[in-house]
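> Got a structure here, written out as structure tokens. Questions coming.
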Amino acid sequence: MNGNLQNGGLIHRSGDSLLVTDIKGYSGTYLIHNDTSFDIVTDSLMWFMNSSEGTGILYSDQRRGNRLFRSAPDVREGKLLLDKPCAQPLLHGDMVYYIDEQDGCLYCCAADGRFDRRLVEEKVNGFLLLEDETVIFASGQGIRMTGADGRKAETLSPESAGRMVRVGGRLAYADRSSGLILKLLDLTSGKSTVVEGIAAASLNTDGHYLYCANRRNGSSLSRVDPQSGSSIRISGESADYLHVLDGEIYFSHHREWYRLPLAGGEATKLPLTGGMEHEY
């Protein structure tokens with residue numbers, strides 16, 4: 001899930017249907033049924049969608065100043081949780097972790113918005129949450145690690161990370177200081193290695209392979225084996241906002257949504273159209 005949130009959290013499973021945010025027409029969020037029909041369910045522009053069972057969907061609504069909302073199960077009405085712009089909100093148990101867009105710092109609060117507090121004092125580009133509630137975050141001081149208890153952060157690597165995902169015992173990230181070169185950081189040894197030939201403009205994982213929009217090849221889709229470092233191109237279309245869901249990869253091409261089997265092949269366009277462009 002964290003990989004999808006790193007890419008905007010714009011596609012989310014809702015029962016047997018998909019919730020998809022329109023990033024071309026800027027018209028709202030749609031529910032796609034059986035890959036063939038769709039209905040607009042809200043005019044909210046839902047970013048960073050995530051949920052846990054029976055809780056509704058947590059999201060940042062761009063139409064309402066990126067404020068943090070939580071929807072009812074039917075998605076049609078959201079309840080305001082935090083009246084400030086929130087990026088990458090992550091629901092974990094009874095806690096929400098997020099980046100405050102006003103000061104750039106990492107915060108956490110209760111799932112109902114109470115007990116809001118700053119977790120990291122420095123500005124944060126992105127973060128991941130591990131199973132033991134260890135928080136790995138990227139800042140101007142490098143790739144660093146702290147915990148929900150607010151313990152003093154320690155540095156894992158001095159490098160400047162863009163998008164980050166965890167795959168096994170490694171952290172995969174785009175090195176911002178080196179043209180988004182894809183690197184792998186061993187979380188045990190602290191050793192960093194370069195994946196040759198890949199500059200990751202967008203990055204995600206299925207837990208085994210990495211999937212990248214490779215800037216060195218027109219942002220076409222590449223699949224990377226993090227064990228061997230080898231990569232193959234699985235689609236020639238330029239891609240962005242990579243989401244991995246239900247054994248498929250979803251991506252934006254010219255602001256329209258497509259889906260592709262993780263093994264590669266021909267991409268299929270989702271039945272969603274729009275007109276006005278919008279930047280993330």
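We did not get these values from a lab; they are worked out from the coordinates using the rules stated. Treat the numbers as computed from the prediction; the structure is a model and nothing was measured. Cβ placement follows ideal geometry from the backbone for every residue including glycine, while neighbour counts extend to all protein chains displayed.
> In whole Hz, what ³J(HN,Hα) sequence does region 22-27 give by Karplus (6.51, -1.76, 1.60; θ = phi - 60°), x for Gly and Pro?
Here the 3J(HN,Hα) series is 7, 9, 10, x, 6, 9 Hz.
> Given the DSSP H assignment, sum -39500 (n - 2.57) over each helix run of at least 4 residues in the chain and divide by its residue total; what's the result at 222 nm in deg cm²/dmol, nearest 500? Walk me through the intermediate numbers first.
Numbers: 1 runs with 5 residues, N = 280.
Per the formula, -500 deg cm²/dmol.
> Classify region 1-147: rounded, prolate or oblate, from the alpha-carbon gyration tensor (a ≥ b ≥ c, eigenvalue square roots; a/c under 1.5 rounded; otherwise prolate if a/b is larger than b/c)?
prolate
> Compute the distance in nm between two label points, each set 7 Å from the Cα along the Cα-to-Cβ direction, one at Met95 and one at Ser189.
3.1 nm
> By how many nm would the segment from Glu237 to Ser27 lengthen if fully extended, with 0.36 nm per residue of separation less the alpha-carbon distance?
Numbers: separation 210, 0.36 × 210 = 75.60 nm, distance 2.48 nm.
Result: 73.1 nm gained on full extension.
> Please go through region 77-123 and write out the chymotrypsin sites (Phe, Trp or Tyr not before Pro) that DSSP classes as loop and that have at most 16 other C-beta atoms within 10 Å.
Phe115
> OK, next. Near Leu129, within a Cβ-to-Cβ distance under 14 Å, what is the net charge of the other residues, with Lys and Arg +1 and Asp and Glu -1? Mind dumping the intermediate values first?
Numbers: positive: Arg144, Arg166; negative: Asp94, Glu131, Asp132, Glu133, Asp149.
Spelling it out: positives minus negatives among the neighbours equals -3.
> When a/c reaches 1.5 or more, the comparison of a/b and b/c decides; with that in mind, is region 132-280 rounded, prolate or oblate per its Cα gyration tensor?
It comes out prolate by the Cα gyration axes.
> List the aspartates and glutamates whose Cα lies under 18 Å from the Cα of Lys152, skipping any in the same chain that are fewer than 8 positions away.
Hits, sequence-local ones excluded: Glu121, Glu122, Asp132, Glu133.
> Can you tell me how much longer the chain between Ala110 and Leu262 gets when fully stretched, taken as 0.36 nm per residue apart minus their C-alpha distance, in nm with one decimal?
Roughly 51.2 nm would be gained on extension.
> Which of Lys84/Lys183; Lys24/Lys79; Lys84/Lys269; Lys123/Lys191; Lys24/Lys84; Lys79/Lys269 have a Cα-Cα distance over 27 Å?
Cα-Cα > 27 Å for Lys84/Lys183; Lys84/Lys269; Lys79/Lys269; rest within.
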